[in-house]
């Protein structure tokens, strides 16, 4: 068994496995942040919805991340504008802000105990080049309604660590939470609204027959009018055309025993987002990243730990806590990286009511809640302008899949029978 994350250590079995045949209006494959928030949204609209996950709910990337809720990704805004244009870059920030607002509303109205806090976030510049990139983005960010405040490095990091940072940039609106407690709480609320959620029920395949999708598992079948792939890095195993667009990337982390002093005033990114950490209410420090030291090695679907990355994370930990800290947990997770850095949210084949919500490129926790709110509108064939720039149709190689996708899961047998969210 792979090392479990801090968030999953006490999770245990929470939800049933599929052991019957069902007929619903919408079937979601994948029980992470995208799948569970979509299941809740549809159930709230009185849609008959079912969800399947190969492992425990929130057991993949959604239960193996740092629990950041950030409006803006870690990259400088001017780089995002250069990649996607001003409207596309602004759409990424807007979806992040709306996701945080949606999660806050769910936490408060449903009373989910998940250590949700708003303390802002920091981006720490490890070089003058990085500092310059962020400074060059300040005007555009302010004009688009997402101001950053520059801090001296000593204010943002302990004295021992601040020597390696040139400056810092603070965003006041960002938050953090315990991702598994939040998602399990939301899943239980969805069950209370009539949703059917099943863990440890891997999808073996699905076929379009007589106007419905028929999805097969070992324990039963689900017939549904619409099917949504919310499996992030695993989506290409079910839908072959996505293989050249969404690629799996591994991220590694560790966490310490409670520390006696404040090390991180709020969730922090450094080195263009390749390093990140936050301190929990009980004093534990969660720290991870350093993937840039072995970009070619940190690929694929396995979540094994590697000495090179773990050693680098430990060096980062010593910078922050030179007096030493006891390491309690180590883990890794697999993220789905989209080729252009933006998620794929929308119809793959509208005529067969097949949609996708995947490829969040390491930012699923901060983006998926608003994406699925909009995707629910799209599934009802209503306009969803908030996710227009995430339309899978922007990839020309997906054109053959439109109007022609009537079977899923052929690749599952080649990779094993575990496809999860």
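The values are calculated or read from the model by the stated rules, or taken from the named source; none is laboratory data. Just so it is clear, the model here is predicted, and its values are computed rather than measured. Cβ: placed from backbone, ideal geometry, glycine included. Neighbour counts: every protein chain shown.
Summary table below
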item	result
Test: residue in region 113-121 that is over 28 Å from residue 15 (Cβ atoms) and part of a loop (DSSP other than H, G, I, E, B)	yes
Yes/no for residue 170 being under 21 Å from residue 279 (Cα atoms) and assigned to a loop (DSSP other than H, G, I, E, B)	no
Hits in region 126-143 (condition: touching a residue at least 60 places away in the same chain (Cβ under 8 Å) and either in contact with a helix residue (DSSP H, G or I) (Cβ under 6 Å, 6 or more places away or on another chain) or not in a helix (DSSP H, G or I) (or both))	126, 136, 137, 140, 141
Residue within region 376-384 that is surrounded by fewer than 17 Cβ atoms within 10 Å (Cβ to Cβ) and in contact with a strand residue (DSSP E or B) (Cβ under 9 Å, 6 or more places away or on another chain) present	no
Qualifying positions in region 34-57 - out of contact with any strand residue (DSSP E or B) (no Cβ under 8 Å at 6 or more places or on another chain) and under 11 Å from residue 231 (Cα atoms)	54
Selection status of residue 110, surrounded by 20 or more Cβ atoms within 10 Å (Cβ to Cβ) and under 30 Å from residue 31 (Cα atoms)	no
Conditions (1) assigned to a helix (DSSP H, G or I); (2) modelled with pLDDT under 95; (3) buried (at least 20 other Cβ atoms within 10 Å of the Cβ): number failed by residue 72	(1)
Test result for residue 173, out of contact with any helix residue (DSSP H, G or I) (no Cβ under 9 Å at 6 or more places or on another chain), more than 30 Å from residue 46 (Cα to Cα), in contact (Cβ under 8 Å) with a residue 12 or more places away in the chain and surrounded by 15 or more Cβ atoms within 10 Å (Cβ to Cβ)	no
Lone unmet requirement of (1) surrounded by fewer than 24 Cβ atoms within 10 Å (Cβ to Cβ); (2) in contact with a helix residue (DSSP H, G or I) (Cβ under 6 Å, 6 or more places away or on another chain); (3) part of a strand (DSSP E or B) for residue 51	(1)
Among (1) surrounded by fewer than 16 Cβ atoms within 10 Å (Cβ to Cβ); (2) modelled with pLDDT of 95 or more; (3) in a helix (DSSP H, G or I), the one test that residue 160 misses	(2)
All positions within region 144-154 that are free of Cβ contacts under 8 Å to residues at least 24 places away in the same chain and either within 22 Å of residue 66 (Cα to Cα) or part of a strand (DSSP E or B) (or both)	149, 150
Strands (runs of 3 or more DSSP E) within region 197-255 that include 3 or more residues out of contact with any strand residue (DSSP E or B) (no Cβ under 6 Å at 6 or more places or on another chain)	none
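For (1) modelled with pLDDT of 95 or more; (2) assigned to a helix (DSSP H, G or I); (3) at positive phi, each residue gets a yes or a no:
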| position | (1), (2), (3) |
| --- | --- |
| 11 | no, no, no |
| 19 | yes, no, no |
| 31 | yes, no, no |
| 46 | yes, no, yes |
